[in-house]
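As structure tokens, the structure follows; a few thoughts come after it.
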Amino acid sequence: MRALIQRVRQARVEVDGEIVGAIDQGLLALIGVEREDDRARADKLLHKLLRYRVFADEAGRMNRSLADIGGGLLLVSQFTLVADTRSGLRPSFSSAASPAMGEELYEYLLAQARQQHPQVACGRFGADMQVFLQNDGPVTFLLES
């Protein structure tokens, strides 16, 4: 699994003009699921999402995690994140999970996140979503499990 995370001051996801998920300070995580992924990889990715130190401590160093600051986590499915772009001028999605498998693992990740963290919001799997964010930094990392 892959997560492109961005530290945000605020973020929201809209579907057909309706806000379906929103957070204030925290992390926006775009989630890509690959064919070989499973629940163990989802668990590992969630562990990183909640504990990856990207927020400033008292000295201004990136030494605090989402769990430390109690910030929001906005999970958005994005199968294009697992595209192979190494050759040619068109992305290949041969490593992407099937839509059914992708949805099952995304929903599992979301359920586990809601059990382990107090502020979790999400997009809508498979929907045409508009994602709005105020990037803080900017700070962006690609996490893999």
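Any read-out appearing in this document is the output of simple, stated calculations on the displayed coordinates, not a laboratory observation. From a predicted model like this one, the values you see are computed outputs, not experimental measurements. Neighbour counts are summed over all protein chains in view; Cβ atoms, including those assigned to glycine, are modelled from backbone coordinates with ideal geometry.
Couple of notes before you dig in:
- Within the chain, the longest segment free of exposed loop sites, counting GluC sites (Glu not before Pro) that fall outside DSSP classes H, G, I, E and B and have at most 14 other Cβ atoms within 10 Å, spans 59-145.
- Note, ³J(HN,Hα) from phi for the stretch 84-91, Karplus 6.51, -1.76, 1.60, rounded to Hz, x at Gly and Pro: 8, 10, 5, 9, x, 10, 9, x
- Taken as Cα centroids, the stretch 92-145 and the stretch 21-40 sit 3 Å apart, rounded to the nearest whole angstrom.
- All C-alpha pair distances within the stretch 2-136, sorted into 5 Å bins from zero, spread as 2, 11, 20, 21, 20, 15, 8, 3, 1, 0 percent across the bins.
- Exposed-loop-free span, longest in the chain, where trypsin sites (Lys or Arg not before Pro) count as exposed if DSSP calls them loop and at most 15 other C-beta atoms lie within 10 Å: 87-145
- Residues considered: 79, 93, 125. Largest GNM mean-square fluctuation over the chain, using C-alpha springs under 10 Å, is found at 93.
- Nearest 10 degrees, 0 to 90: helix 99-116 Cα axis against the chain principal axis: 20 degrees
- Angle between the chain longest axis and helix 39-51 axis [Cα atoms, degrees, rounded to 10]: 30 degrees
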